Amino acid sequence: MLEVDKLTAGYNGVLVVREASFFVMEGELVTLVGANGAGKTTLLKAISGLIKPHRGSIKFFDEMIHNIEAHKIVEKGLIQVPEGRKLFPDLSVIENLKLGAYIRNAKKHLRKNLENVFDLFPDLKEKTNQIAGTLSGGQQQMLAIGRGLMAEPKLLILDEPSIGLSPVLTQTLFSIITRIKEQGVTILLVEQNVKHSLSIADRGYVIEQGSMVMEGKGQELLHNEHLKKVYLGM
């Protein structure tokens, strides 16, 4: 579904991602892990069309997308839930969700998609008219993911969804991400929470200093000695 080949990207001439290559197959949950500053968010911005790569290519369903505009990438079904949630804080929960369904095809199925979001996140159903900025951190993260689902993603990219959440909420969130995958949504999960994210992943990649240094099945990476030492403190 997604193929990134030898991607190099950065800002103002400073390279952050260097020759990064990875792929995501349809139906998979793939995790990309790395420390702060490793290049994860820069890589996602290039995939989503928010920055243009210096070199390399990005294919989505065999179509080159690295030189097209971000809103056109969204229309193709590649949806990113950004780090920090990026909600419309002065709008209500229901207004934020409806804004996620502005794509033509998604508008047709708005009611069905709302029901699915409320099934995944019952807290949101109880707070449909509450202003988004007054929600708790966990509820705001649920709303951000729900808004992404309203666009009917073929590939859902989640950038650091567990950041700032308590251990209990983090466990709940990863359970919900697993449910979303079981619904048939392909997921690219980008996380610092190595243990949780790799434990639910079909496959994973490790990025360090802008380059991919390791890949494998999620459970295999969890037992890798280098990864355990550097990321799990073991």
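The values are calculated or read from the model by the stated rules, or taken from the named source; none is laboratory data. Owing to the predicted nature of the structure, the values given are computational and were not obtained by experimental measurement. Every residue, glycine as well, gets a Cβ built from its backbone with ideal geometry; the counts of neighbours run over all protein chains shown.
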Just the residues that are more than 24 Å from Val117 (Cα to Cα), hydrophobic (A, V, I, L, M, F, W, C) and free of Cβ contacts under 8 Å to residues at least 40 places away in the same chain, please, taken from the stretch 178-213.
Val213
What strands (runs of 3 or more DSSP E), lying completely within the stretch 175-234, carry at least 1 residues that are surrounded by fewer than 16 Cβ atoms within 10 Å (Cβ to Cβ), among the β-branched types (Val, Ile, Thr) and over 15 Å from the mean Cα position of the chain (by Cα)?
211-217
Against the definition (under 21 Å from Asp202 (Cβ atoms) and under 15 Å from the mean Cα position of the chain (by Cα)), how does Lys59 come out, yes or no?
no
Within the stretch 66-80, how many residues are surrounded by 15 or more Cβ atoms within 10 Å (Cβ to Cβ), basic (Lys, Arg) and in a helix (DSSP H, G or I)?
0
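Would you please name the residue that is modelled with the lowest pLDDT, looking only at residues in the stretch 6-34 that are over 17 Å from Gly218 (Cβ atoms) and surrounded by fewer than 15 Cβ atoms within 10 Å (Cβ to Cβ)?
It comes out as Gly13.
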Boolean, Gly84 is in a loop (DSSP other than H, G, I, E, B) and modelled with pLDDT of 95 or more:
no
Can you list residue pairs whose Cβ atoms sit under 7 Å apart, with the first residue in the stretch 55-68 being of a type in the set (S, T, N, Q) and the second being part of a strand (DSSP E or B)? Count only pairs 6 or more apart in sequence or on different chains.
Ser57/Asp5; Ser57/Met64
Here are the criteria: (1) more than 25 Å from Ala132 (Cβ to Cβ); (2) modelled with pLDDT of 95 or more; (3) in contact with a helix residue (DSSP H, G or I) (Cβ under 9 Å, 6 or more places away or on another chain). Tell me which single one Leu78 does not satisfy.
(1)
Collect the residues in the stretch 130-163 that are surrounded by 14 or more Cβ atoms within 10 Å (Cβ to Cβ) and in a loop (DSSP other than H, G, I, E, B), keeping them in residue-number order.
Gln130, Leu135, Met150, Ala151, Glu152, Pro153, Lys154, Glu160, Pro161, Ser162, Ile163
